[in-house]
Every structure is written in structure tokens, then in C-alpha cells.
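Novice: Before we start, here is the structure in question, set down as C-alpha cells.
The values are calculated or read from the model by the stated rules, or taken from the named source; none is laboratory data. As the structure is a computational prediction, the values presented were derived from the model and not from experiment. Every residue, glycine as well, gets a Cβ built from its backbone with ideal geometry; the counts of neighbours run over all protein chains shown.
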Amino acid sequence: MTDNGTDIAVVGFAHAPHVPETFGTTNGVEMLVPCFQQLYRQLGITKSDIDFWCSGSSDYLAGRAFSFISAIDAIGAVPPINESHVEMDAAWALYEAWVKLRSGQAKTALVYGFGKSSAGTLRQGLTMQLDPYLVTPLWPDAWSIAGLQARAGLDAGRWTERDMAAVAADALAAGGRATQAESLLDAPYIADPLRAHDVAPITDGAAAIVLAIGDRARELCERPAWITGMAHRVDTPMLGARDLTVSPSTSAAAQAVTGGDTHFDVAELHAPFSHQQLILAEAIGLKNGTKVNPSGGALAANPMFAAGLERIGFAANAIMDGSANRALAHATSGPALQQNLVTVLDSEASR
């Protein structure tokens, strides 16, 4: 779906601290309240100014039924709200909110996502998203699936271990931990050919984004990040039925929203493993000169069900603070880059 004349922009973004463990509940309330309050202050609004709310999370990850209903405690009971939810990364909740605004049913929306990965054993819990008949009973964990993907690419000559280390070094540098790629190659494997720096860390977190249309966006933000295209595609969940070294769904989504113009100042790619950033950059066709994951990406912090939304938020921030005129954001869900969403954001001048 591309623009049909309804101008919609990101006007605010906030996220909780990226930490390996929090001591709050698994419904995210303790992480979400500060995010909402930050956005209210930043934009000079109250919750009454939000026409539509949409969240992304996982009851399975939270370990409780209807955790997304409990999370609404972070919003408050009065006045009543118009609310929806997706059982996916909140980037897909933003897609739903974008469609809602485009349909004329709302002028503003607040999208949020949350996850407390530390509450369980994440690498094993993600096994439950695999084929329940043939694959899940074998209990391959997330590292093993990603390791198979990385090994396939190495054996096919699509990338090298040094290429993977270079991606990790960039992520570490973004977090203030400068290091040389060569030194990372001395680290031991944790799931051959993956080393610890190739794997996104366990992160508890939450994020929230405010969307607004037309003149309302201009009232709320001096330099809105206009969404000029958004699309998502999916590949088969059958790991043996696709080439894991490429991402056709990412290519298709990117083509749908860019029309082949892949010149961007900034690209935020949701790559929980270092080699996946290489796959995504190639699938999208990013040009030299694009700053890829200046935030550090998921390798710096990977709050489940908010990391994809954060990619959109960080890309939008680059436009709102004037450091970029055109940005791309990507989110993924499922094993080995199964489902992919691509968003293009532009400044007023670059539209």
C-alpha cells in the first residue's frame, strides 16, 4: 500500500531504557508509562488528543493471557479509548494505525510495543514459532536456526566471517564500545559460525510512536517524518523450502515502497543476527553512503515486540532532528527473516 493523498507522519518517538532485565511485571506497564509521559510532554498533548491506540506484544512471551489488555493500565481508564492489538512486533501495529488514519477514521494514533524477554529462555521460546508438526518437536533454538542461515551464506560465498564481524563492530561502536572487527574474530563460537557479538542481546524494553495526519502533524512537530510508503511481505515458514541466504519478501516490500529508488540518508534494519543485516542491505539494494543502523540496531538492543517499531522511531528521529531528509526502516518477525516490513520516511523538502 502506498500513498493515496492522505499525508501521515511520525511526530514523536520514545523508548524505555535498553536493559538486560527489569523487575516489573510482564504486561509492560512500568516501561510504558514513562514513554507515554515523555510523548505527552514533548508534543504538548494529553491522552484525550489520541484518536486511536494500537499495540504489539505477545501473550506467550509475557506468560499470561491477555497481557495486552493489562498493558492498557498504562493508558488509564478514563476517558475511554479506541484500541487494537497485534500479536507481533509493534511495527505491524503501526501499519494497522497507518491504515486507520488513511481510512479517515482518526487523525492521531499512538502505537506502542513491549516485551520482557528476561522472563523466560528467549532462544528456546522462539522455537514455538516454527512448524508445530515437523520442526518444533526437534526443539532447534533461535541461535541454531540463525547458525544454519549464517553457515549457508558462508558456504555459498555470499559473505565472510569478517563481514559479519564488521557489522557487529559498527553496532558496538554505536553503543560507545569501539573495537576492531579483526579482534572480534578471536572470540569463541557460541553456535558455529555465530559468536556472541553476532547475536542480539536479551533486552527488556518498550517503545511508542505518535502518528498524525496533515496539518495536525505540522502543529505537533516542527519537522514531521512523513510516511511516503509502507509494505510488508512474507516468505514460507518452511525453512527447507526457501533459500535462507536471501530475503525475497524484503526485496518485494522494498520494491513496493521505493519503486527502485533506494538512495537513503539513513536505514534502520531490524537484524537480530549480524549476517542478517548483510542479507537485508542486499535485498533492499541500499546504496553506498547510506548510514546503516546508526542507532546500533538490534545487535545493540533487541526488545522483543518493540525492536521493529524502534527502527521506525530511530529513522523518524533522524528526519525530525534534521540529520536526514530521507530514511528507510525495516522490521522482521519469524525465523530466519520470514516476515518483513519496509517503511520509507521523508522530510517535507524531500517529498
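Novice: When you go through K47, K100, K116 one by one, which is the residue that is under 18 Å from M304 (Cβ atoms) and charged (D, E, K, R)?
Specialist: K116
Novice: Something else about it: Could you tell me which of the residues A349, A336, A318, A327 is of a type in the set (A, V, I, L, M, F, W, C) and modelled with pLDDT under 95?
Specialist: Just one listed residue meets the conditions, A349.
Novice: So is V246 modelled with pLDDT of 95 or more and surrounded by fewer than 22 Cβ atoms within 10 Å (Cβ to Cβ) or not?
Specialist: When the stated conditions are applied, V246 passes them.
Novice: Let me ask you something else. How many of the residues in segment 136-174 are at pLDDT below 95 and of a type in the set (S, T, Y)?
Specialist: Final tally of qualifying residues: 1.
Novice: Which of the residues that make up segment 48-68 are at pLDDT below 95, in contact with a Ser or Thr (Cβ under 9 Å, 6 or more places away or on another chain) and of a type in the set (A, V, I, L, M, F, W, C)?
Specialist: Selection gives L61, A62, F68.
Novice: A further question on this structure: Just checking, how many residues over segment 309-332 are hydroxyl-bearing (S, T, Y) and buried (at least 24 other Cβ atoms within 10 Å of the Cβ)?
Specialist: First, the residues of segment 309-332 that are hydroxyl-bearing (S, T, Y): 323, 332.
Subset that is buried (at least 24 other Cβ atoms within 10 Å of the Cβ): 332.
The number of residues fulfilling the criteria is 1.
Novice: Which one of T46, T22, T26 is without any contact (Cβ under 8 Å) to a residue 40 or more places away in the chain and polar (S, T, N, Q)?
Specialist: Answer to the check: T46.
Novice: Select from segment 244-281 the residues that are touching a residue at least 40 places away in the same chain (Cβ under 8 Å) and charged (D, E, K, R) and write down the one among them that is farthest from R311 (Cα to Cα).
Specialist: Per the stated criteria, the residue is D265.
Novice: Can you go through S347, S274 and tell me which one is surrounded by fewer than 24 Cβ atoms within 10 Å (Cβ to Cβ) and among the hydroxyl-bearing types (S, T, Y)?
Specialist: Working: S274 fails: surrounded by fewer than 24 Cβ atoms within 10 Å (Cβ to Cβ).
Only one candidate passes the filter, namely S347.
Novice: What residue, of D235, D215, D261, is charged (D, E, K, R) and touching a helix residue (DSSP H, G or I) at 6+ places or on another chain (Cβ under 6 Å)?
Specialist: Exactly one residue qualifies, and that residue is D235.
Novice: Residue by residue through segment 77-91, note down the ones that are more than 18 Å from M31 (Cβ to Cβ) and assigned to a helix (DSSP H, G or I).
Specialist: none
Novice: Which ones in segment 74-95 are charged (D, E, K, R), within 14 Å of F305 (Cβ to Cβ) and in contact with a strand residue (DSSP E or B) (Cβ under 6 Å, 6 or more places away or on another chain)?
Specialist: Within segment 74-95, D89 is the sole residue that qualifies.
Novice: Another question about this same structure. Test each condition in (1) at pLDDT below 95; (2) within 11 Å of A329 (Cβ to Cβ) for S295 and report the one that comes out false.
Specialist: All conditions pass for S295, except number (1).
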